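**Student:** Below is one structure. I have some questions about it.
The values are calculated or read from the model by the stated rules, or taken from the named source; none is laboratory data. In this text, all values refer to a predicted model and were calculated from it rather than measured experimentally. Cβ coordinates were reconstructed from backbone atoms using ideal geometry, including for glycine residues, and neighbour counts include every protein chain displayed.
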Amino acid sequence: MPYMNFFFTITLISLFSMPKAFAESWQHSDIEQFAKTYLENNLVIPEQGKVVIKVATLDPRIIIKPCQIPLEANIPENHNGRNLNVKIKCDDSTPWSIYLPAKVEITLPVLVAKSTILKGTILNEDNVEIKFIANNKIRGEKLTDKNIVLGAKARKRIAKGRTISRKSICLVCKGDTVTIIASSENFSIKTQGIALSSGNINEQIRVRNTRSNRVITSTVKAVNKVVINL
């Protein structure tokens, strides 16, 4: 019995004297995946956006020590969103840290020309499409709803693959025949008119009522459709 007690005591001493035996070991691939997962969970992605993350491969000569506590990660506050360094650190009794470069590309759905669209051409399913474009390559206000622009006309030539902006199209173009909807709380009437200026959704344009020959200011609501509130 004394021999067994002695053996049990030695075993406990051995266990408590080697805490590093319980430390978690990390392979290079583990660190790379840890950095990627951290970015996926912490980057702010715009609504409907997609993200592609490419983490650099660690130098095989780097020796990664075990860590007795969970690893931590962070990125600089003032990063440009595309090229950044992920800091992986271990804050146990023998702390260490590694900086891992990463490239982040965020893409957004944007309306683009499927084929070259000439000035005056009507936009339809054959010449427009939605594509995901890197956000740093998008200039100005982007259009994302294809259904809104179907039937609109190109104000200028739009090359194949180029993004389509409000400035490059008009839902109502100068000289178009438009439907005028005049409405109030009690009634609504329709009549025809001629657009005297061009405009897009919710923009105000002048139109001439073909019946009364009166010029009025109206709001564009759809392709060749304007409204006025009585």
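**Student:** Take the residues in the range 24-40 that are part of a helix (DSSP H, G or I) and among the aromatic types (Phe, Trp, Tyr), then tell me which one is nearest to Leu111 (Cα to Cα).
**Tutor:** Out of the qualifying residues, it is Tyr38.
**Student:** Could you list, in sequence order, the residues of the range 204-223 that are under 17 Å from Gly151 (Cα atoms) and either in contact with a His (Cβ under 7 Å, 6 or more places away or on another chain) or crowded, with 17+ Cβ neighbours inside 10 Å (or both)?
**Tutor:** Answer for the range 204-223, where residues must be under 17 Å from Gly151 (Cα atoms) and either in contact with a His (Cβ under 7 Å, 6 or more places away or on another chain) or crowded, with 17+ Cβ neighbours inside 10 Å (or both): Val220, Val223.
**Student:** Give me the pairs: first residue in the range 88-99 and assigned to a strand (DSSP E or B), second residue modelled with pLDDT under 95 and hydroxyl-bearing (Ser, Thr, Tyr), beta-carbon distance under 8 Å, and six or more apart or on different chains, which are they?
**Tutor:** Ile88/Ser97; Ile88/Tyr99; Lys89/Ser97; Cys90/Ser97
**Student:** Here's a follow-up. Could you pull out the residue among Pro95, Pro46 that is farther than 14 Å from His28 by Cα and more than 24 Å from the chain's Cα centre (by Cα)?
**Tutor:** Going through Pro95, Pro46 in turn, just one is farther than 14 Å from His28 by Cα and more than 24 Å from the chain's Cα centre (by Cα): Pro95.
**Student:** Name, by its number, the condition in (1) surrounded by 20 or more Cβ atoms within 10 Å (Cβ to Cβ); (2) closer than 30 Å to Ile64 by Cα that does not hold for Asp91.
**Tutor:** With (1) surrounded by 20 or more Cβ atoms within 10 Å (Cβ to Cβ); (2) closer than 30 Å to Ile64 by Cα applied to Asp91, the lone miss is (1).
**Student:** Let me ask something else. Filter the range 56-87 for residues that are part of a loop (DSSP other than H, G, I, E, B), touching a helix residue (DSSP H, G or I) at 6+ places or on another chain (Cβ under 7 Å) and among the hydrophobic types (A, V, I, L, M, F, W, C) and give the result.
**Tutor:** Answer for the range 56-87, where residues must be part of a loop (DSSP other than H, G, I, E, B), touching a helix residue (DSSP H, G or I) at 6+ places or on another chain (Cβ under 7 Å) and among the hydrophobic types (A, V, I, L, M, F, W, C): Leu58, Ile64, Leu71.
**Student:** Does the range 41-55 contain at least one residue that is in a loop (DSSP other than H, G, I, E, B) and in contact with a Lys or Arg (Cβ under 8 Å, 6 or more places away or on another chain)?
**Tutor:** No, that holds for no residue.
**Student:** Could I ask something else about it? If I filter the range 165-187 for residues that are within 21 Å of the chain's Cα centre (by Cα), modelled with pLDDT of 90 or more and surrounded by 13 or more Cβ atoms within 10 Å (Cβ to Cβ), do I get at least one hit?
**Tutor:** No - not one qualifying residue is present in the range 165-187.
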